[in-house]
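Everything on this sheet refers to the single structure shown next.
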Amino acid sequence: LESAQEHLPEIADFCEKTKKLHLPTDLNCEFPGILDLRGVHCPRNAARARLVMDGYPEGRTLEILLDDGAPIENVPGVLVADGHKVVFREKKADYWILKVVKLNNKE
């Protein structure tokens, strides 16, 4: 808006209404169970994993696919430091499967 000051009451009204509205159907969908970060370089893979886990439902397990080397060395530690639990780690041919449980880290 060119002159937001003129529209402050409308903006405030919109913000108040959105607090009460239900989420659109598209946002009430099932969360994906796999996050494929193969080919994503550090530190972007850790940042993406953190963002996804932050919005993931508490108690759910996310399977993360990571490249060998720095990604498997760094990403699990970042997620554990955020308060999540790594419950599974397995090396495949040229990548790793990591399973992480989202824990309530806001206590």
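Observations on the model:
- Convex hull volume per residue, computed on the Cα atoms of the stretch 36-81, equals 67 Å³.
- Summed side-chain charge close to ASN74 - residues other than ASN74 whose Cβ falls under 15 Å, Lys, Arg +1, Asp, Glu -1: +1
- Each Lys and Arg Cβ is given +1 and each Asp and Glu Cβ -1; about its Cα centre, the stretch 25-107 then shows a dipole of about 140 debye.
Bear in mind that the values in this text are calculations on the coordinates, not laboratory data. Note that this is a predicted model, so its numbers are computed, not measured. All Cβ positions, even for glycine, are placed from backbone atoms using ideal geometry, and neighbour counts span all protein chains on display.
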